[in-house]
Every structure is written in structure tokens, then in C-alpha cells.
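Following: one structure in C-alpha cells, then a few remarks.
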Amino acid sequence: MTSGSSSPAAAPHRIRNATRATMAQFFVNGATFATWGVLIPSIKERFALSDAVLSLAMLAVAGGALLTMGQSGKWIARVGSARALRQVGILYAATLLLIPLAPQFWMLVLLLLVFGSAMGAYDVAMSVQAALVEGQRTRPIMSTLHAMFSIGGIAGAALGAAPGLSPLAHAALVGVVTLAVSLSIGPFALPDEVHDSAATPHGADKRARRMVLVLGGIAFLALMCEGGMYDWAAVYMRDVAQSPMAWVSYSYAAFSTGMAAGRLTGDRIRALRTLAWSGAAGAAGIALTAAWPSPLATLGGLLLSGLGIANLMPIFFLAAARVPGMAAAESIAAVSRFAYVGMLLGPVFIGGVAEHLGLRLSFVGVALVMTVVALFGGKAVRRFI
């Protein structure tokens with residue numbers, strides 16, 4: 001796909017409508033992902049799972065996305081992102097609803113494979129629309145769009161804390177909203193640009209590939225931490241911080257609140273030092289949760305870590321778009337694949353470490369990874385930001 005900035009300018013009202021529609025997509029995606037995160041403790045309890053076996057369920061989500069990502073991208077390129085969002089949105093909402101209904105663990109694993117596949121395809125189609133919208137605007141919007149994902153996460157997590165709301169009712173309510181947004185995207189979406197099947201990454205020079213590899217490696221580490229916080233925050237809040245059950249959902253909400261606050265200001269403060277300070281704040285927040293595992297300190301640490309991690313991915317997207325010798329869409333796609341793998345495998349890594357050393361020490365490891373991002377991330381993006 002060619003760069004979004006090369007397409008003819010759309011009418012201002014069309015751009016506004018497309019921006020709002022894309023924000024809605026990010027919102028429901030965040031709410032759906034948050035609902036999965038909030039469902040994890042109840043799944044662990046229902047099937048009496050150890051941390052290692054629970055991480056296998058998380059791996060199923062990652063595996064579903066990774067196994068189908070290549071084919072999903074080709075399918076979206078063929079049918080268009082708006083049509084893909086409508087069709088995959090049905091599957092995304094339906095599988096979320098079915099997760100609390102799975103009667104046996106092996107059935108849950110199969111269901112999570114499908115859920116992960118739908119989530120990955122939805123992410124790809126949504127990102128295509130985001131790139132088109134940013135290319136039509138005079139001011140950046142990428143961080144704000146990601147903020148809507150975080151705000152959706154807050155809404156999904158807060159809904160999970162509603163008194164008397166069962167996991168099934170929670171999944172059903174979020175699934176209905178996700179389905180409604182997905183089915184209504186058509187009239188507001190920007191048209192996809194022409195895809196040339198002959199245009200392949202082979203035209204990129206070796207120097208550009210090395211740059212993308214470095215950016216992708218740092219993005220992989222950063223998104224490992226983000227994915228780990230999303231999936232393990234609620235479990236940590238319950239099992240390590242020993243918080244009341246009514247507070248468990250607040251852990252996800254605290255992290256998502258920090259993410260939203262950071263991203264709502266991210267488009268205005270993009271700069272080299274933003275990445276270093278963001279990584280440092282993320283490491284400090286995660287370290288706080290590990291050093292002081294009380295309910296309030298854990299919420300504060302998750303809030304700080306979310307604030308720090310918030311703008312890392314938008315910065316990596318911006319840097320990738322400016323890699324010389326490679327088309328912007330191509331380099332962004334390559335970096336996003338690294339990031340997506342990191343986000344999905346991060347929870348699995350935490351679960352494996354937690355099984356042997358405990359969840360608290362696994363969070364120390366996450367803080368160390370984020371410290372690496374803070375120290376070396378700035379160097380990776382220096383020439384582009």
C-alpha cells in the first residue's frame with residue numbers, strides 16, 4: 001500500500017467523520033481487549049489454573065493472531081479495510097461473548113485461537129484506516145487515536161467492576177458495542193488506496209532494513225512490557241497486592257488511565273527525549289508495583305507505568321515512516337509486526353517467569369526490560385524525530 005499522504009485530499013467534513021469513526025474503532029478495540037484482560041482472573045479461578053497453564057491460554061491469543069496475520073493482511077488488502085472491519089468485527093464480538101461460556105479448558109484454548117485471529121485482523125484493518133486519516137490531516141493524530149484505545153480500556157475495565165455484573169454480561173455488553181461500531185463503519189471510512197501486488201519489500205535497501213530491524217527490536221521490547229501489564233495487572237492486583245475483589249478491575253483501569261493521559265498529550269510533545277523519559281517513567285512505575293505490593297501503591301505504579309509506556313508506539317510509528325530508502329507503509333508494517341509480537345508474547349514471558357520465581361519478581365524483570373528501552377530507544381529514533 002502506498003503512503004496515505006499521497007492520496008488526493010478529502011473534503012474537510014469527510015476527514016472529520018473518518019477521524020471520529022476511526023476513534024470509535026480504537027475505543028471498542030480497547031474495550032474488547034480490556035474485557036479479555038478482566039476475564040483472566042475468573043478464567044484462572046474457574047479452571048483452577050497455575051500461572052504457567054494460564055500463560056498457555058494467553059499464548060493461544062497470541063498464536064491465533066500470529067498464525068493468521070500474514071493471510072489477514074492479504075485479505076484486508078483485497079477486500080478493503082472498511083469491509084474487513086465489518087466482517088471481522090462480527091467474529092471479534094462473538095468470540096468475546098463465548099469466552100465466559102467455554103465449558104472445558106481445551107475448548108477455551110481453541111476459542112482463544114479464533115479470538116486472537118480476529119483481534120489481529122481487526123488491528124490491521126483499523127491501522128489501515130488510522131494511516132489514511134493521519135495522511136489526510138494537517139496535524140498528527142496517531143497518539144490521540146491510541147489514546148482512544150486506552151480510554152476504551154478504561155471503560156471496559158470499569159464495566160467489569162460494576163456490582164453484580166457477571167463475566168458473561170460484561171462480555172455481552174462490550175461485544176454488542178464492538179459489533180455496532182464495526183457494522184456502521186462503511187459510510188464514514190476513507191477509501192483504501194490502490195494496492196499493487198507487484199510492490200514488494202525487495203526494493204528496500206540493506207541500510208533501510210537494518211534501521212527497521214533496530215526500531216522493530218526496541219518496539220518489541222517496549223510492547224512486551226505493555227502487553228504484560230494489560231494481561232497480568234488484574235492477576236497481580238489480586239494475588240500479590242492482595243486487594244479486595246472489587247478493586248481487581250481498577251488495576252487495568254489505572255494502567256489504561258495513564259496510557260490515555262500520556263497519549264492525549266503525545267501528538268503535541270513528540271521529541272527525542274520523550275522516548276527516554278517515557279521509558280524511565282514506565283520502568284519506575286513497574287518497579288514500584290514490584291517493590292511495594294499494596295493495593296494503593298500498585299494502582300499508583302500501574303498509573304505511572306501507563307503514563308510512561310503511552311507514547312512509545314506512536315513514536316516508533318513516526319520514526320518508521322521516516323526511514324529513508326523504504327516506503328513509509330512498508331517500514332511501519334515491519335515495525336508494527338515486531339511490536340505486535342512483543343505485545344502478545346510479553347504476557348507469556350511473565351507467566352513463565354512467575355511460575356518459577358513468582359509474579360512479583362517477574363515484574364522486576366519487566367522493569368529491567370523497560371529500562372533498556374529508556375537507555376537505547378532514543379538512539380534508535382534520533383535520526384528520525
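The values are calculated or read from the model by the stated rules, or taken from the named source; none is laboratory data. This one's a predicted model, so the numbers in the text were calculated from it and none came from an experiment. Quick reminder, even Gly has a Cβ in these numbers, built from the backbone with ideal geometry, and neighbours come from all protein chains shown. These accessible areas exclude ligands, DNA and RNA; they are computed on the full protein's heavy atoms, side chains included. Shrake-Rupley method; radii C 1.70, N 1.55, O 1.52, S 1.80 Å.
Filter the stretch 335-344 for residues that are aliphatic (A, V, I, L, M) and buried (at least 21 other Cβ atoms within 10 Å of the Cβ); which is modelled with the lowest pLDDT? It would help to see each step written out before you state the result.
Residues of the stretch 335-344 aliphatic (A, V, I, L, M): 335, 339, 341, 343-344.
Filter once more, keeping what is buried (at least 21 other Cβ atoms within 10 Å of the Cβ): 335, 339, 343-344.
On the way: VAL335: 80, ALA339: 84, MET343: 80, LEU344: 76.
This residue is LEU344.
So which pairs qualify, if the first residue must be in the stretch 152-171 and open to solvent by 40 Å² or more (accessible area, probe 1.4 Å), the second must be β-branched (Val, Ile, Thr), the Cβ gap must be under 7 Å, and the two must be at least 6 apart or on different chains?
Close Cβ pairs (under 7 Å, with a partner that is β-branched (Val, Ile, Thr)) amount to ILE154/THR257; LEU159/VAL174.
Determine whether ALA65 is open to solvent by less than 30 Å² (accessible area, probe 1.4 Å), without any contact (Cβ under 8 Å) to a residue 12 or more places away in the chain and under 30 Å from TYR236 (Cβ atoms).
Working: open to solvent by less than 30 Å² (accessible area, probe 1.4 Å): yes; without any contact (Cβ under 8 Å) to a residue 12 or more places away in the chain: no; under 30 Å from TYR236 (Cβ atoms): yes.
The answer is no for ALA65.
Please note which helices (runs of 4 or more DSSP H) are completely contained in the stretch 278-385 and include at least 2 residues that are over 22 Å from the mean Cα position of the chain (by Cα) and farther than 23 Å from MET126 by Cβ.
On the way: elements: 295-309, 312-321, 328-357, 359-381.
Correct list: 295-309, 328-357, 359-381.
Go through the stretch 21-59 and count every residue that is open to solvent by less than 10 Å² (accessible area, probe 1.4 Å) and not in a helix (DSSP H, G or I).
Within the stretch 21-59, residues that are open to solvent by less than 10 Å² (accessible area, probe 1.4 Å) and not in a helix (DSSP H, G or I) number 0.
Scan the stretch 96-107 and give yes if some residue there is open to solvent by 10 Å² or more (accessible area, probe 1.4 Å), polar (S, T, N, Q) and either within 20 Å of the chain's Cα centre (by Cα) or over 18 Å from SER182 (Cα atoms) (or both), otherwise no.
yes
Any residue in the stretch 12-39 that's closer than 17 Å to ALA233 by Cβ: show its pairings with residues that are among the charged types (D, E, K, R) and modelled with pLDDT under 90 at Cβ separation under 6 Å, as long as the two are six or more apart or on different chains.
GLY37/ASP231
For the stretch 9-39, which positions are of a type in the set (A, V, I, L, M, F, W, C) and touching a Phe, Trp or Tyr at 6+ places or on another chain (Cβ under 8 Å)?
Here is the first cut: in the stretch 9-39, the residues of a type in the set (A, V, I, L, M, F, W, C) are 9-11, 15, 18, 21, 23-24, 26-28, 31, 33-34, 36, 38-39.
Matches in the stretch 9-39: ALA18, ALA21, PHE26, PHE27, PHE33, ALA34, TRP36, VAL38.
Does the stretch 138-156 include one or more residues that are in contact with a Gly (Cβ under 9 Å, 6 or more places away or on another chain) and within 26 Å of ALA52 (Cα to Cα)?
yes
Kindly indicate whether any position in the stretch 357-365 is of a type in the set (Val, Ile, Thr) and crowded, with 24+ Cβ neighbours inside 10 Å.
Let us first name the residues in the stretch 357-365 that are of a type in the set (Val, Ile, Thr), namely 364.
Narrowing the set further to residues that are crowded, with 24+ Cβ neighbours inside 10 Å leaves none.
No, there is no match, as no residue in the stretch 357-365 is of a type in the set (Val, Ile, Thr) and crowded, with 24+ Cβ neighbours inside 10 Å.
Search the stretch 232-246 for residues that are among the aliphatic types (A, V, I, L, M) and pair each with any residue that is open to solvent by 40 Å² or more (accessible area, probe 1.4 Å) and assigned to a helix (DSSP H, G or I) when their beta-carbon atoms are under 6 Å apart and the residues are at least 6 apart or on different chains.
VAL240/ARG360
On the given criteria, is ALA21 among the aliphatic types (A, V, I, L, M) and at negative phi? Steps first, answer last, please.
Working: among the aliphatic types (A, V, I, L, M): yes; at negative phi: yes.
So ALA21 fits the description; yes.
Please determine, by comparing only the residues of the stretch 178-191 that are assigned to a helix (DSSP H, G or I) and out of contact with any helix residue (DSSP H, G or I) (no Cβ under 6 Å at 6 or more places or on another chain), which one is nearest to ARG16 (Cα to Cα).
So the first thing to find is which residues in the stretch 178-191 are assigned to a helix (DSSP H, G or I), and the list is 178-183, 186-188.
Filter once more, so that each one left must be out of contact with any helix residue (DSSP H, G or I) (no Cβ under 6 Å at 6 or more places or on another chain): 180, 187.
On the way: ALA180: 20, PRO187: 13 Å.
For the stretch 178-191, the residue satisfying everything is PRO187.
Does GLN87 fit the bill of being over 19 Å from SER251 (Cβ atoms), modelled with pLDDT under 90, assigned to a helix (DSSP H, G or I) and not acidic (Asp, Glu)? Don't jump to the end; show me each part of the working.
Numbers: over 19 Å from SER251 (Cβ atoms): yes; modelled with pLDDT under 90: no; assigned to a helix (DSSP H, G or I): yes; not acidic (Asp, Glu): yes.
So GLN87 does not fit the description; no.
Test each condition in (1) in contact with a Ser or Thr (Cβ under 7 Å, 6 or more places away or on another chain); (2) under 25 Å from LEU165 (Cβ atoms); (3) not hydrophobic (A, V, I, L, M, F, W, C) for PRO41 and report the one that comes out false.
Here PRO41 clears every test but (1).
Among the candidates ALA147, ALA121, single out the residue that is of a type outside the set (Lys, Arg), touching a Lys or Arg at 6+ places or on another chain (Cβ under 8 Å) and closer than 22 Å to MET23 by Cβ.
Details: ALA121 fails: touching a Lys or Arg at 6+ places or on another chain (Cβ under 8 Å).
Criteria check complete, one pass: ALA147.
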